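S.K.: Dropping a structure here in structure tokens format, bear with me for questions.
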Amino acid sequence: MEPADLAAAHALSRAVGWPHRLEDWQFALAVGEGVCAYAGDRLIGTAMAWRYGGEQARIGLVIVDPTIQRAGIGRRMMTSLLDRLDEPRVMLNATDAGERLYRDLGFAPVSTIIQHQGAPFGSPLVPLRQGERIRPLGRNDAKRLVALDAMAMGARREGVIGELLRQGAAIVLDDGEETVGFAFFRRFGRGHAIGPVIARDTAAARALIAHWIGLNAGMFLRVDVPGESGLSDWLDGLGLTRVSPVLTMLRGRPLPPPGPYRTFGLVSQALG
Ligand SMILES: CC(C)(COP(=O)(O)OP(=O)(O)OC[C@H]1O[C@@H](n2cnc3c(N)ncnc32)[C@H](O)[C@@H]1OP(=O)(O)O)[C@@H](O)C(=O)NCCC(=O)NCCS
């Protein structure tokens with residue numbers, strides 16, 4: 001996949017009803033790589049991968065033109081992509097349409113992701129705990145953000161965090177001693193996305209997400225949260241209603257036991 005493929009890739013994602021803008025594809029390619037399927041000079045399929053610190057790869061934006069699905073093109077693109085990846089762990093978030101194919105290729109389900117979106121009004125009140133403070137991102141925070149993200153993801157992704165810093169805004173949560181969480185906010189799809197959100201617990205994640213909702217009342221917002229995050233009922237109540245779950249699937253090395261930091265909001269379903 002090259003930058004010249006992205007206009008057609010964008011048309012393909014629209015054809016399957018996905019909300020990505022051309023800029024979202026550009027973001028994806030700036031920090032990743034992909035393969036395309038062509039019939040003559042017509043783009044009929046895409047599949048992308050992102051490599052995180054030699055530890056983990058993510059696959060996403062796997063799409064085949066709706067007029068030629070179930071002819072083996074998805075499988076061909078997936079095997080070609082998997083052949084290029086040498087990371088011990090490969091993960092993806094599967095739609096219903098893709099699940100069977102991924103199982104066939106050795107992926108097994110490990111958890112779920114729930115997509116929430118809407119235009120919430122009003123600002124949820126989430127009190128901070130003693131000593132905690134939310135502040136805008138500072139000049140020297142980038143390293144700590146990469147470290148927190150790596151603790152939650154099990155892999156370092158400087159490239160992704162770097163691109164997010166260029167394109168989005170971020171807030172961080174300090175506990176009086178150090179930075180213990182953060183949340184990004186950026187244009188994505190039909191509106192804005194909150195994520196990634198990394199924190200130690202649900203209360204901290206709520207405070208971070210509530211901050212962005214409060215600043216953007218009435219705007220179309222999206223946040224993709226792990227099923228086990230404990231955030232879904234709260235988000236539903238705020239008017240960020242759940243859309244449809246996707247299945248997180250893993251191929252290769254099992255996940256490490258959870259550490260002190262967890263992911264409460266994804267960059268996107270594709271990038272994790
Ligand atoms: C998921 C998706 C990429 C699969 O692409 P595809 O080209 O249709 O995939 P394949 O043809 O390789 O395999 C899909 C199915 O077709 C079957 N198939 C493959 N070749 C076939 C053939 N010649 N004749 C009949 N069936 C065939 C496969 O066995 C598989 O069947 P199963 O799902 O019932 O097990 C495609 O459905 C898609 O773009 N969906 C919308 C976007 C999406 O949800 N993407 C997944 C994101 S994670």
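Bear in mind that the values in this text are calculations on the coordinates, not laboratory data. In this text the structure is predicted, and so the values were computed from the model without any measurement. So basically every Cβ, Gly included, is an ideal-geometry build from the backbone, and we count neighbours across all protein chains shown.
S.K.: Using alpha carbons only, how many angstrom separate the centre of the range 234-272 from the centre of the range 1-23?
M.R.: Taking the Cα centre of each part, the range 234-272 and the range 1-23 sit 24 Å apart.
S.K.: Okay, moving on. Given the C-alpha centroids of the range 57-129 and the range 166-182, what is the distance between them in whole angstrom?
M.R.: 27 Å
S.K.: From zero outward in steps of 10 Å, how is the percent of C-alpha pairs of the range 59-116 spread across the bins?
M.R.: Here the calculated profile for the range 59-116 is 19, 56, 24, 2.
S.K.: Kindly state, to the nearest 0.05, the FRET efficiency for ARG76 paired with THR202, given R0 = 45 Å and r defined as their beta-carbon distance.
M.R.: Taking R0 as 45 Å, the efficiency between ARG76 and THR202 is 0.60.
S.K.: Then there is this: For the range 211-272, what is the convex hull volume of its Cα atoms per residue in Å³?
M.R.: So the per-residue hull volume is 115 Å³.
S.K.: Something else about it: Calculate how steeply helix 142-153 sits against the longest principal axis of the alpha-carbon atoms of the chain, using the helix alpha-carbon long axis, and give the answer as 0 to 90 degrees to the nearest 10.
M.R.: The two axes meet at around 70 degrees.
S.K.: So what does the Cα-only Debye profile of the chain read at q = 0.14 Å⁻¹, as log10 I(q)/I(0), no solvent term?
M.R.: -0.98
S.K.: With bins 5 Å wide starting at 0, give me the P(r) of the range 3-112 over every alpha carbon pair, in whole percents.
M.R.: 2, 11, 23, 25, 21, 13, 3, 0
S.K.: When the Debye formula is applied to the Cα atoms of the range 118-210, each taken as the same point scatterer, what base-10 log of I(q)/I(0) results at q = 0.16, 0.22, 0.26 Å⁻¹?
M.R.: -0.66, -1.19, -1.49
S.K.: Kindly provide log₁₀ I(q)/I(0) values, in the same order as q = 0.16, 0.21 Å⁻¹, from the Debye equation applied to equal alpha-carbon scatterers of the range 137-272.
M.R.: At q = 0.16, 0.21 Å⁻¹ the computed log10 ratios are -0.81, -1.44.
S.K.: Next question, about the same structure. With the Cα gyration tensor of the range 177-243 in hand, give its eigenvalues times 5 under a square root as the equivalent ellipsoid semi-axes, listed largest first in whole angstrom.
M.R.: The three semi-axes for the range 177-243 are 19, 14, 11 Å.
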